[in-house]
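J.: Sharing a structure here in structure tokens format.
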Ligand SMILES: *Cc1c(COP(=O)(O)O)cnc(C)c1O
């Protein structure tokens, strides 16, 4: 090996100064093995690594880059904002504009607070739900991710509808003792949890289309029952739409399912690639937040003027008539192409998509919950991942992650991806 790969050199340097060489764990390729690619630049549907190899990008920064990289209108808005100043620690008109734009698209929300990350938004929504209801217990579902706040880093305990155990060191069991962890799409467990704990439940938090156990939809009946039980027991229904908001459709998973949550958590697309997230809901609940109410929440960089410019420009583009029809059709053609390729090569395969978000499984049928997602064959997935990577196609480096198509992905990119996948399917 005369010339070491520049990605290997960078990874070695990174590991000396950053734990695991990465600033967010899944980037490390731990699940699939190998050296993470260090990205130099990106444009449209592509990015280039340190060795100047080009990849078709199906991660899109894990969701935000719905327009593709370097969209001219977004770049211009950000450049203009930068010249006006990076951060003021005082309110700006652009924060109002972004709040108005979000509320116009998500009628379940009457007020919104801007923050800087999805973790922060989910954590704050949780505190607000507890503050507004005066209750402690929360429900979450196995396989849903709501950022890394202590109370949400929890897995199911033993037995049905029990309180959970921490999934991370450094989270004392006492901190998750009020978190109930249920199986996704399991109506019987949901009923039991409310029957046992209904009067103590502050909120039920859910990814109504889950994107952190690959791609799994809540069934219409399940989502509807979550709404009914929360209403009956005075608990708040919280949709974590950090991934699905402005990604599965212009009105989020709540628009797709036709279910109205009390609180909505947003992130990813609303920042267009900049650190920006939000949470919101009815006025009476949101006015419980400081400085109006007793629930404390704050942020030095919240509503940052450059991030809001980026988010606003992104929302403007995706609000154009026909945007999501075209994006859904493109994503649908990828999913159909992959299904056909797998069928032609006799590989068990199932896939689903909504808007610009998709998931596929090396399984005969679409899984309905986390344990069935995890029945996927890891070794085969890894072969597929590395086969695609070698052919210039970058998908998420773990089988429990969703994929993302942007408006910049062309039919030729889809065709190249499907052709690459078919070659690998043949060898599986
Ligand atoms: C990404 C994500 C988060 C966390 O957002 P960060 O900005 O990474 O903190 C929370 N919830 C869901 C559903 C997500 O997909």
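J.: By how many nm would the segment from residue 88 to residue 232 lengthen if fully extended, with 0.36 nm per residue of separation less the alpha-carbon distance?
T.: 47.4 nm
J.: Please find, in a Gaussian network model of the chain (springs between Cα atoms separated by less than 10 Å), the residue of 208, 149, 407 whose mean-square fluctuation is greatest.
T.: Among 208, 149, 407, the largest GNM mean-square fluctuation belongs to 149.
J.: Additional query: Mind telling me which of 417, 35, 331 comes out most flexible in a GNM of the chain, alpha-carbon contacts under 10 Å?
T.: Maximum fluctuation in the GNM of the chain, among the listed residues, is at 35.
J.: Still on this structure, please answer the following. Within the range 72-318, what percent of beta bridges assigned by DSSP are antiparallel, to the nearest 5?
T.: Around 45 percent of the beta bridges assigned by DSSP in the range 72-318 are antiparallel ones.
J.: In Å, the Kirkwood hydrodynamic radius of the range 139-258 over pairs of distinct alpha carbons?
T.: Result for the range 139-258 stands at 14.5 Å.
J.: Right, something else. From the Cα gyration tensor of the range 219-337, with a ≥ b ≥ c the square roots of its eigenvalues, which class applies: rounded if a/c is under 1.5, or else prolate if a/b is larger than b/c, or else oblate?
T.: Because a/c hits 1.5 or more and a/b fails to exceed b/c, the range 219-337 counts as oblate.
J.: Quick one: 364, 8, fewest Cβ neighbours within 10 Å first, how do they rank?
T.: 364, 8
J.: Provide the gained length on full extension for the span residue 196 to residue 103, in nm with one decimal, where the gain is 0.36 nm per separating residue minus the Cα-Cα distance.
T.: So the extension gain works out to 29.9 nm.
J.: While we're looking at this one, here's another question. Note the full-extension length gain between residue 423 and residue 75 as 0.36 nm times their separation in residues minus their Cα-Cα distance, in nm to one decimal.
T.: Gain in length upon complete extension: 121.6 nm.
J.: Taking the Kirkwood radius as the inverse of the mean 1/r across Cα pairs, report the Rg/Rh of the range 346-410. Could you put the intermediate results ahead of the total?
T.: Working: Rg = 12.2 Å, Rh = 12.7 Å.
The Rg/Rh ratio comes out at 0.96.
J.: Apply the a/c threshold of 1.5 to the C-alpha gyration tensor of the range 72-318 and tell me whether it is rounded, prolate or oblate.
T.: On the way: a/c = 1.89, a/b = 1.68, b/c = 1.12.
Since a/c reaches 1.5 and a/b is larger than b/c, the shape of the range 72-318 is classed as prolate.
J.: While we're on this one: For the pair residue 224 and residue 375, what calculated FRET efficiency results from E = 1/(1 + (r/R0)^6), where r is the Cβ-Cβ distance and R0 = 30 Å, to the nearest 0.05? Write down the numbers at each step before the final one.
T.: Numbers: r = 27 Å, r/R0 = 0.91.
It comes to 0.65.
J.: With each label point set 7 Å from Cα along the Cα-Cβ vector, what nm distance links residue 12 and residue 174?
T.: For residue 12 paired with residue 174, the spin-label model returns 4.7 nm.
J.: Let me ask another. With each run of n ≥ 4 DSSP H residues scored as -39500 (n - 2.57), what mean residue ellipticity at 222 nm is computed for the chain after dividing by its residue count and rounding to the nearest 500 deg cm²/dmol?
T.: -11500 deg cm²/dmol
J.: Still on this structure: Taking the simple approach of a point 7 Å from Cα along Cα-to-Cβ for both residue 50 and residue 339, what is their distance in nm?
T.: So the label points at residue 50 and residue 339 sit 4.0 nm apart.
Coordinate-derived values only; no laboratory data. Remember, it's a predicted structure, so these values are computed and weren't measured experimentally. Don't worry about glycine lacking a Cβ; one is built from the backbone with ideal geometry, like all the others, and counts go over all protein chains shown.
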